[in-house]
Every structure is written in structure tokens, then in C-alpha cells.
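The values are calculated or read from the model by the stated rules, or taken from the named source; none is laboratory data. The structure presented is a predicted model; accordingly, all values stated were derived computationally and were not measured. Cβ: placed from backbone, ideal geometry, glycine included. Neighbour counts: every protein chain shown.
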Amino acid sequence: MTAHPPDPATHRPHPLHAGERVWPETNCYVDLWIGALHARGLEPLALLGFTVTQDFEGDQFTFFKPPLEDLETLYGLRVQELAIYDSVEAHVVEQLARRPGDGPEGGLVLVEVDGFHLPDTRGTSYGVTHVKTTVGITRLDPAARRMEYFHNAGFFTLDGADYDALFAAAAGPLFPYVEFVKPGGPALAGGALVTASLELLRRHLARRPAGNPVAAYRAAFPRHLDALLARPMAYFHLNAFNVLRQLGANFELLGAHVRWLDGPAEAAEACGVIAEGAKAMQFQLARAVARRKPVELGESFDRLERAYDTALGALVRRYG
């Protein structure tokens with residue numbers, strides 16, 4: 001008897017998406033994988049060593065995403081781009097039918113969609129603003145106009161008029177970027193999973209930024225602040241998502257990864273300082289932008305820079 005994919009009605013989020021976390025949501029791609037792996041009985045905490053490679057890219061912190069080779073190494077999952085030449089619905093149905101089931105081999109198709117049509121974003125983008133985001137579809141029924149999907153920190157159902165609007169938008173004029181997931185080997189577990197995760201962390205540490213990315217952001221901050229004070233509040237929200245949220249969420253996940261590995265306590269604690277400090281800085285900036293007044297964040301930058309050096313230094317000493 002074929003098992004069914006996870007059920008939105010019974011899905012329970014991973015602790016990484018618990019409400020008491022500093023950043024319960026990170027970015028759509030990482031959150032999607034946390035939820036999808038957890039729903040299939042796999043441990044997403046093993047995946048997060050790549051977060052040590054985050055850098056400041058001049059206008060943003062790296063939009064951190066799990067490397068596809070890490071997903072295959074740890075979980076035996078191969079992620080491939082899906083060429084779209086028919087309707088998106090037809091291709092998704094085809095791929096999901098090839099890999100039914102609720103285990104690691106269960107079907108998953110990742111589709112870039114417009115958040116304007118996603119009811120789970122009510123209060124942010126739903127019916128308000130057009131924004132690109134990625135969903136992980138596990139079940140699609142065109143006849144019933146119903147879709148089940150992972151998005152951000154949850155697992156949801158979409159149907160009716162929302163279904164029609166979502167796929168009408170996906171029909172053109174340009175097809176969306178789509179990936180599909182297929183099994184490539186067995187998932188690791190127990191000691192083998194920990195060993196492989198540690199080896200990936202060592203490789204990623206060798207790829208870490210040459211300098212302190214918080215210091216790089218500090219050097220660019222005056223021009224960021226000028227732009228924030230000169231533009232509408234909507235621009236602040238876009239900037240905050242791509243700068244401080246990516247920084248803070250990245251290091252909160254790194255801290256969770258270090259604790260899962262039973263790694264250096266000082267590294268995990270320093271990651272927490274960055275996560276909390278980035279959130280506090282975001283609030284300070286929001287107030288400054290609302291009042292149209294400059295803000296001095298020297299002490300905040302000092303704490304974040306020291307915490308970064310502490311976290312990466314402890315990890316390099318232990319694993320580098």
C-alpha cells in the first residue's frame with residue numbers, strides 16, 4: 001500500500017521553527033528544507049554547517065541556502081532543475097506521481113511563485129504586494145484545485161480561487177524556476193550522520209570569509225543609513241530582510257548546529273549574541289527610519305564583530 005505525503009492537518013514544526021526563537025523564520029528556501037526534512041523523519045540540524053560561509057556582499061548579507069551536494073551527502077536527496085515547457089501543473093503532477101510516499105523518497109517539487117497569491121502570507125504579502133518566494137509542493141490535484149506545500153515555517157493547503165490565481169501567474173510570460181527532488185541513495189543516521197556533518201563543517205570552514213563580514217557591513221552602514229532615511233518605510237522592510245534578518249537568522253541556525261554537534265559552547269553562545277544583536281539593531285533602525293533621524297550603532301557593531309570573531313575562532317580551533 002502506498003503511503004501518503006505529510007498532512008498539513010497533523011504536521012508539527014521542527015523546534016527550529018518554534019515561536020520562542022529569535023528568528024522563527026529565516027528565508028523561504030532554508031525554512032522549506034527544514035520543514036520538508038523534518039516531515040520525512042530526517043534531522044535538518046545536520047545540514048547547517050554551510051552557514052559559516054555567510055559573507056557581506058556590499059548591499060546584503062549572503063542569502064544563505066543549503067548546498068545541493070550537502071543534501072545528497074547527508075540525506076541521499078538529489079535536487080535537479082526541472083525544465084518547464086508545458087503547464088507548471090502538468091510537470092509538478094508528473095514528478096510527484098513518480099515518487100509518492102511519506103519517507104525520504106517522497107515527492108517534493110520546489111517552485112518559485114508570487115507571494116501575492118499565498119494565503120499563508122496573510123498580513124504580509126497576500127493580496128497586498130507581489131514578491132518572489134519558493135514553495136515545496138508535496139501534493140497537487142488540478143481537478144480539485146488543491147495544493148499542499150511547505151512555505152516558510154509551515155505546511156499549508158491552498159485551493160479554489162487562490163489555486164487558480166497562483167497557477168495563472170505561473171503560466172507566464174516567463175516560466176518560474178522549478179526544482180525537483182529525487183532519491184540518490186540512503187539517508188545517513190546516527191553516528192554516520194554526525195561524522196558526515198562534521199566533515200562538511202570542516203569543508204565549509206575552509207571557505208569562510210577572509211575577513212569579518214560584520215566589520216564589512218559596518219563600513220558600508222553610512223550609505224545604507226542614508227538610503228534608509230531617504231526612502232519610504234517599505235524600503236526599510238526590504239533592506240532589513242536582506243541584511244539584518246539574513247545575518248541574525250544565519251547565526252541562530254549556526255548556533256543550533258554547533259549545539260547539535262556538541263561543539264564549543266563559546267561558539268554557540270556567540271552565535272546567540274549575533275542573532276539577538278541583529279534583531280535589536282533592526283528595531284533601532286526601524287525607529288530611526290520612522291522618525292527620520294540618524295542613529296548611532298557603534299556599540300552594537302562592536303558586540304556583533306566580537307561575537308563573530310569568537311564564534312568562528314572557536315570553530316576553527318576545534319574543527320578547522
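Quick notes on this one:
- Any hit, the range 83-102, residues being outside any loop (DSSP other than H, G, I, E, B), under 25 Å from Gly248 (Cβ atoms) and touching a strand residue (DSSP E or B) at 6+ places or on another chain (Cβ under 6 Å): no
- Selection within the range 234-259 - surrounded by fewer than 19 Cβ atoms within 10 Å (Cβ to Cβ) and not charged (D, E, K, R): Ala234, Tyr235, His237, Leu238, Phe241, Asn242
- Selection status of Val273, touching a residue at least 24 places away in the same chain (Cβ under 8 Å), outside any helix (DSSP H, G or I) and outside the structural domain of Thr124 (by TED's automatic domain parsing): no
- Within the range 180-225, considering residues that are over 21 Å from the mean Cα position of the chain (by Cα) and of a type in the set (D, E, K, R), the one farthest from Tyr75 (Cα to Cα): Arg223
- Any hit, the range 142-149, residues being in a loop (DSSP other than H, G, I, E, B) and at positive phi: yes
- Check on Gly190, without any contact (Cβ under 8 Å) to a residue 60 or more places away in the chain, over 26 Å from Leu42 (Cα atoms) and small (Gly, Ala, Ser): no
- Residues of the range 184-207 satisfying the condition of being surrounded by fewer than 17 Cβ atoms within 10 Å (Cβ to Cβ), of a type outside the set (Gly, Ala, Ser) and either assigned by TED's automatic domain parsing to the domain that holds Asp302 or not in a helix (DSSP H, G or I) (or both): Pro186, Arg207
- Residue list for the range 209-223, filter: crowded, with 17+ Cβ neighbours inside 10 Å and without any contact (Cβ under 8 Å) to a residue 24 or more places away in the chain: none
- Considering residues of the range 42-82 that are under 22 Å from Glu252 (Cβ atoms) and small (Gly, Ala, Ser) only, the residue surrounded by the fewest Cβ atoms within 10 Å (Cβ to Cβ): Ala46
- When Glu69 is tested against the conditions (1) of a type outside the set (A, V, I, L, M); (2) in a loop (DSSP other than H, G, I, E, B); (3) without any contact (Cβ under 8 Å) to a residue 24 or more places away in the chain, the lone failure is (2).
Per-residue answers, yes or no, for (1) without any contact (Cβ under 8 Å) to a residue 24 or more places away in the chain; (2) in contact with a Phe, Trp or Tyr (Cβ under 6 Å, 6 or more places away or on another chain):
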site	(1), (2)
Thr10	yes, no
His14	no, no
Gly35	no, yes
Lys65	no, yes
Val92	no, no
Leu96	no, no
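- If you filter the range 11-37 down to residues that are of a type in the set (Asp, Glu) and under 8 Å from the mean Cα position of the chain (by Cα), you find that the one that is modelled with the highest pLDDT is Asp31.
- Filtered residue count, the range 57-96, keeping only those that are touching a helix residue (DSSP H, G or I) at 6+ places or on another chain (Cβ under 6 Å) and among the charged types (D, E, K, R): 4
- Pairs where the first residue, in the range 294-320, is small (Gly, Ala, Ser) and the second is outside any helix (DSSP H, G or I), C-beta under 6 Å, 6+ apart: Ala314/Pro264
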